[in-house]
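To start, the structure under review is shown below, and the notes come after it.
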Number of protein chains: 2
Amino acid sequence: MTIDIAQLERGIVKGDRRSLSRAITLVESSRADHREAAAELIEALKGADGIARQALRIGMSGTPGVGKSTFIEGFGRMLTGQGLRVAVLAVDPSSARSGGSILGDKTRMDLLSRDPNAFIRPSPSQTHLGGVGRRSREAVALCEAAGYDIVLIETVGVGQSETVVAEMADLFVLLLAPAGGDELQGVKRGIMEIADIILVNKADGDLKSAASRTCADYSGALRLLRKRPQDPDGFPKAMMVSALENAGLEIAWTEMQSLTDWRRKNSHWDTRRAAQARYWFGEEVRQGLLSQLETPDARAALRALGDDVAEGRTTPAIAARALLDRLGALANG
Amino acid sequence: MTIDIAQLERGIVKGDRRSLSRAITLVESSRADHREAAAELIEALKGADGIARQALRIGMSGTPGVGKSTFIEGFGRMLTGQGLRVAVLAVDPSSARSGGSILGDKTRMDLLSRDPNAFIRPSPSQTHLGGVGRRSREAVALCEAAGYDIVLIETVGVGQSETVVAEMADLFVLLLAPAGGDELQGVKRGIMEIADIILVNKADGDLKSAASRTCADYSGALRLLRKRPQDPDGFPKAMMVSALENAGLEIAWTEMQSLTDWRRKNSHWDTRRAAQARYWFGEEVRQGLLSQLETPDARAALRALGDDVAEGRTTPAIAARALLDRLGALANG
């Protein structure tokens, strides 16, 4: 890939989807020169047209089978129908296994992907969650610079991905399926703590009463959690939707907007964005330090010393000192 | 503290509790010379009497109010009553707030703390969970070298502390209180995945039927989880106990032993210990690299550049590059 930063910058600011795609590919690359070019591009875009464009960044999680694609398709088309431009980014660490799913992601949101006011970007095929996080955060910044009004950051409920996505979102939506009484209501507690709005999907047909019960269960559970300063009265809240029947989507959007407006008025929006920027700076620094372990030499030493430790020939602390000495990175040399 | 490694070593191998206490204080210290002495001590103890002593390391978690102290006191005294020597280590990241709770920990297990075959060590007052983890793991190794048969590693259900404790334990016990039907059954899914045995405490008096229901709920939930290779049939399992009435403690211990025996016979014990040693080696290396951020200079730079990022004057990636350049630690020159 030949990189013309200035050209990419112009394309993105104009809202050219091809430029945006190429720029996201650039930020997802782990090549050192690409990383550098990506950092420059984002710095340049920051002041590109004098104002910093801000999208509403919505983090969204839901386990497979909950109807997430159908929801995003319906929700996204409702938004574009109101004249809004919508970008959808998938942050899916598990996609590393299949090496990404470009075709899959496009076909599963068929109508939205053909909408000129929508931009859908499948997961980067990275194995390292931290890397996915950093690069996704930069992809969000690119979509914002490209003038999208809403950036949906989608994740599946694997490991720490929600926490990572919450660190780049203005609000977090959890999509759930109706659950029968004896099913495991296996929502991680950590998700309850970051969710601003819980949407119980599939509130249609045979599942309607189960959805209503599930919604009541979660409403009750949310009331047991301590109130967070960033929440107005009544939030976080649980609501029912049916992505299949396009029911409840507009009300859900109204609630998201009212939450957003309240946070903007009460300075939680800016405070949170500042804290997030600081967090990602720290992450970049930490990952930069840890990247010293990713050279072939360091990997080989890690493996060999790891074997010594695993077989009891030395202790973790002694082996670590040997490796750090070799890296010349001992803080208290 | 003047450090005589050889003397500490002899004291620990003899089972002298004062030496053990002093050695744990040494491993908990973050001073560079103490870290070095601690690493040497542990390396020396590894081959101290020709054989590597192995304790059964039991990780134990439970939120405040679940009756953990009463349980540990009863369980520990049952074990010492059988002629076993028991060490109890608390890994409590939240204790950083109160600066540790030495007196608290001793009084809350009054009888056990006066038992000559028991050793109780309160939490280190560290703010950094990673640090607590590494040092607790070394404290476990010291208790093992001191000839304790069982090392109980206790944690409260805060953040990632369970995962950290599970990485240093042979088996993991989760203590729960009976829950009413409309209470939040807020067990983190991650804990369900590491728990080998769930004990529903307070199965006595008015709470007995609630305990029975809770136990049945968790038995059901455990059956829904995928079987792990390290589990014989019937594990993980949920059981009822009453620490107050000393009921169920012996059966719980029998179950722990049968699980342990099975794992030893099926080589899961050694495999797991090897994997854990490798994990802690990796952690030592990562923490060693990240410790470059803990110098006063680095902290000041992190703060100043963090302000620039938070106030939008630069981007996380550009600021991180500036800091890494200053640390001279950029992996890709």
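Each value in this text was obtained by applying a stated rule to the coordinates, not by laboratory testing. Keep in mind that what you see is a predicted model, and the values were worked out from it rather than measured. Reconstructed Cβ throughout: ideal geometry from the backbone, glycine too, with neighbour counts over all protein chains shown.
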Q: Write out the GluC sites (Glu not before Pro) in the stretch A:194-285 meeting two conditions: DSSP loop, and at most 15 other Cβ atoms within 10 Å of their Cβ.
A: A:E245
(Q) Return the chain B residue and its Cβ-to-axis distance, rounded to the nearest Å, for the rotation relating B to A. (A) B:L289, 2
Q) What gaps in nm, shortest first, separate A:S219 from its twins in the other copies when you place the label 7 Å past Cα toward the beta carbon? A) 3.4
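Based on the Cβ-Cβ distance from A:L290 to A:L111, what FRET efficiency comes out when R0 is 41 Å, to the nearest 0.05?
Efficiency for this residue pair is about 0.45.
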Q.
Under the convention of a label 7 Å out along Cα→Cβ, give the distances in nm from A:G81 to the same position in every other copy, shortest first.
A. 7.0
Q. Among the aspartates and glutamates, which have Cα under 13 Å from the Cα of B:K202 when same-chain residues fewer than 8 positions away are ignored?
A. B:E245
Q: Quick one: with label points 7 Å out along Cα→Cβ, list the inter-copy distances for A:G234 in nm, shortest first?
A: 5.4
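Would you mind checking the pairs A:K14/A:K237; A:K237/B:K227; A:K68/B:K227; A:K46/A:K265; A:K14/A:K68 and listing those with alpha carbons more than 32 angstrom apart? All intermediate terms of the calculation are to be shown ahead of the outcome.
Numbers: A:K14/A:K237 37 Å; A:K237/B:K227 35 Å; A:K68/B:K227 28 Å; A:K46/A:K265 24 Å; A:K14/A:K68 30 Å.
As for pairs spanning more than 32 Å Cα to Cα, those are A:K14/A:K237; A:K237/B:K227.
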